[in-house]
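Let me begin by presenting the structure, written as structure tokens, before commenting on it.
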Amino acid sequence: MTTQNKTTTHILGYPRVGSQRELKFAQEKYWRGEIDQKELKEVGSLLRHRHWGDQVGAGIDYVSVGDFAWYDHVLSTSMLLGHIPKRHNNGFPDLDTLFRVARGKAPTGCACAASDMTKWFNTNYHYIVPEFSADDQFNVSWQQLFEEVAEAKKAGHDVKPVLLGPVSYLWLGKEKESGFDRLSLLPRLLTAYQKILGKLAGLGVEWVQIDEPVLALELPKEWADSFKLAYQVLNGSTKLLLTTYFDNITHHLDKIVELNVDGLHIDLSASPEQLSEVVAALPQDWVLSAGVINGRNVWRADLAQLLSVLQPVKEQLGSRLWLASSCSLLHSPIDLDLETELNPEVRQWLSFAKQKCREVTLLAQALDGSELAQQECLQYSAPIKARVTSELVNNAEVRQRTAAITPALAERKAPYAERARQQRTALNLPLLPTTTIGSFPQTNEVRTQRRDFKAGRLTEAEYNTALKGHIADAIERQQKLDLDVLVHGEAERNDMVEYFAELLEGFAVTRFGWVQSYGSRCVKPAVIVSDIYRTKPMTVGWTCYAQSLTNKLVKGMLTGPVTILGWTFPREDLTREEVANQIALALRDEVADLQAAGIKVIQIDEPAIREGLPLKASQWQAYLDWAVNAFKISAASAEPQTQIHTHMCYSEFNDIIESVAALDADVITIETSRSDMELLKAFEEFDYPNEIGPGVYDIHSPNIPEVEHITQLVEKAEMLIPAERLWINPDCGLKTRNWEETEAALRNLVTAAKSLREQW
Ligand code: GLN
Ligand code: ZN
């Protein structure tokens, strides 16, 4: 193939945090005042150069610039546009302005409420929500992007700046005042974008990646229509690659092909089936950036298979075909080479950001006709092909068990009303029973002990003794507080998912597989590599130990199947439903074992149900159906007199209340205090039949809730839900609080419950 026909390669963005989480540690040091801004900026620059180097080293044509962010790329966009919340807007915005908007405070300047943070589409990344008012102005302001472009150019790279597009930027924000529509700000916003593009052109930029991920959503008409104006105004100074990701965009394709841009990127990992339709509709002079290397998961790409899919497209498009990651690699861990402790068989199935760059270029070389590369693609795919029949992956017993799931398996043995009757006798709880959500303070002591145990400085016996000490301490404190249903406190858990991932068969846990969740916070999701099953009880020992110390009820504590699935890297050769069912069956056995050991109350946490919703509302119900079913399978081994709790901690139940009710948990505890019990309305309107514990104080805040305040909230709740079906509990687990705050808050909670009990 001639060089003119060469496939151009790029990625949509690289993880910014650093393979050793260098950015996180530097940010936190800066916030604590241990390093100055100059030192922090040096770390940023070092990481950017390293990450460009990783891309160039892999043979990527354009390095991405503008994907680096000091906290979040949506917030970077706000800074670039000089669009800062009014309360933070004093003087020219600088790095500390950015931190103040994100965190409410920075080493300099005054403290003011931080902006809200919310999930980036259906990922576990959180962005800072832009705040819009009718009189907002946009002016090219913060120079970081331009400086980074110059920095990359100086290092000799071909750069492709990444910008969040104007329509997505508006969509992702929210109005701060009523009676105005943020879409009306578009014309003003476009003027600023025009200036940005002009400046980039002045720096010698040829292509700009302009991200409009909202195109994957089912948009209201006026939003879908707004793209036309936006891209009429924007084109001119540089070429624009319109990037979409996380789902297919064919529902907007007729509008997209009318836009005044120079190319389109589609996510072919999330939606491979859109390829032919998009190719057929692609305007003659556009490039197509095929996002074939999955940016959101850790699996090695099947390059041989991709090669055969893309070859006809290459023949049709020639040099107009670009190859890329499906979305930004922000959502994948950085370097598989660091995982020296992974089982070698498993390791050859995986690929992290650094390796994914090489996948893009290898595939491009193969497409461009290199026989060597074509051979390499075949070899590269061999382990994934072998995985299909690997004994490590496939467990016939597990498959038989999921195949044998019947609708009846998901049903409790008696309807709620009957269960409630039996539970009243079996549990003998007072009106307005008090409980907590599971975890108690994860003290430095516990964390150090866990680290020492993992590093071999504590023996297993020593570690277990230490944990028993923490459990005994938690039980004693709860007894003194006179709570009604106690918990063991989760001292043995580093994380509510990783704990189970380590104990169940079927998961691999990485050492450095960190992914940014928000700001300096990273998570290290486990990987579901094979069929999941349980070889031994996971929580029975700790729960029974706790129960042996008290005459009060101790609530067993499990993480539900949908949440375990949602907070891990899933395998892709099975449906999510199938994997959720495998986990559900393992948990079902745990529920049975807890019950057999005498535990009468068991909580199965499902905080991730809502965030697993597909991007397109038309697909919600299908998801909710299997998600609810998986939860029910895990719970239904409980006898009628065993009380099943669940817990969810997100706002908004309105649109999924039917499914929440379908979980048929005997008790659900939810986060409501910040909404002043507003969220309970959905339950009232739906005539939610089972018991509810609306959280009566916000565990994210160190403030101690007053008895008065708790009382008022419960009184408010009682107007919506009858007292006989109300529980009193905090909003969520208490692991991030200290004991002093925890005890003071719970003391007030119990006092409020007791006085209301007397009155009612
Ligand atoms: N049981 C868990 C805890 O208390 C629940 C955490 C959560 O809802 N995210 O920590
Ligand atoms: Zn919670």
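The values are calculated or read from the model by the stated rules, or taken from the named source; none is laboratory data. Just so you know, these numbers come straight off a predicted model, no measurement behind them. No Cβ is skipped: glycine too gets one built from the backbone with ideal geometry, and neighbour counts run over all protein chains shown.
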Could you please tell me which pairs satisfy a Cβ distance under 8 Å, a separation of 6+ or placement on different chains, a first residue in the stretch 371-393 that is at pLDDT below 95, and a second residue that is in a helix (DSSP H, G or I) and of a type outside the set (A, V, I, L, M)? Ser390/Glu345; Leu392/Glu345
Whether any residue in the stretch 615-629 is farther than 26 Å from Arg421 by Cβ and either within 16 Å of ligand 2 (Cβ to nearest atom) or in a loop (DSSP other than H, G, I, E, B) (or both) is what I want to check. yes
Restricting attention to the stretch 372-416, which residues are basic (Lys, Arg) and assigned to a loop (DSSP other than H, G, I, E, B)? Arg412, Lys413
With respect to Leu679, is the statement that it is hydrophobic (A, V, I, L, M, F, W, C) and under 24 Å from the mean Cα position of the chain (by Cα) true? yes
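Let's see how each residue does on (1) under 26 Å from the mean Cα position of the chain (by Cα); (2) within 30 Å of Thr568 (Cβ to Cβ); (3) among the hydrophobic types (A, V, I, L, M, F, W, C):
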| site | (1), (2), (3) |
| --- | --- |
| Asn90 | no, no, no |
| Ala102 | yes, yes, yes |
| Ala111 | no, no, yes |
| Ala114 | yes, yes, yes |
| Ile128 | yes, yes, yes |
| Ser133 | no, no, no |
| Asp136 | no, no, no |
Tally the residues that are of a type in the set (Gly, Ala, Ser) and touching a helix residue (DSSP H, G or I) at 6+ places or on another chain (Cβ under 6 Å), restricting the search to the stretch 729-760. 1
Taking the condition of being assigned to a strand (DSSP E or B) and either small (Gly, Ala, Ser) or away from ligand 2 (no atom under 16 Å from the Cβ) (or both), how many residues in the stretch 588-614 meet it? 2
Considering every residue within the stretch 290-297, establish whether at least one is free of Cβ contacts under 8 Å to residues at least 40 places away in the same chain and in a helix (DSSP H, G or I). no
Could you look through the stretch 420-451, keep only residues that are assigned to a helix (DSSP H, G or I) and touching a residue at least 60 places away in the same chain (Cβ under 8 Å), and pick out the one that is surrounded by the fewest Cβ atoms within 10 Å (Cβ to Cβ)? Thr425
Verdict on Ala753 being closer than 20 Å to His700 by Cβ, in a helix (DSSP H, G or I) and away from ligand 2 (no atom under 16 Å from the Cβ): no
So which residues in the stretch 686-727 are away from ligand 2 (no atom under 16 Å from the Cβ), outside any loop (DSSP other than H, G, I, E, B) and in contact with a strand residue (DSSP E or B) (Cβ under 8 Å, 6 or more places away or on another chain), if there are any at all? Glu691, Ile710, Leu713, Val714, Ala717, Glu718, Arg725, Leu726
Within the stretch 111-151, how many residues are outside any loop (DSSP other than H, G, I, E, B) and either of a type outside the set (Gly, Ala, Ser) or in contact (Cβ under 8 Å) with a residue 60 or more places away in the chain (or both)? 15
Single residue of Phe453, Phe507, Phe500 found to be within 16 Å of ligand 1 (Cβ to nearest atom) and aromatic (Phe, Trp, Tyr): Phe500
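Looking at the stretch 452-467, which of its residues are crowded, with 18+ Cβ neighbours inside 10 Å and in a helix (DSSP H, G or I)?
Correct list: Ala466, Leu467.
Which is in contact with a Phe, Trp or Tyr (Cβ under 6 Å, 6 or more places away or on another chain) and surrounded by fewer than 24 Cβ atoms within 10 Å (Cβ to Cβ), of Leu307, Leu342, Leu338?
Values: Leu307 fails: in contact with a Phe, Trp or Tyr (Cβ under 6 Å, 6 or more places away or on another chain); Leu342 fails: in contact with a Phe, Trp or Tyr (Cβ under 6 Å, 6 or more places away or on another chain).
After applying the criteria, what remains is Leu338.
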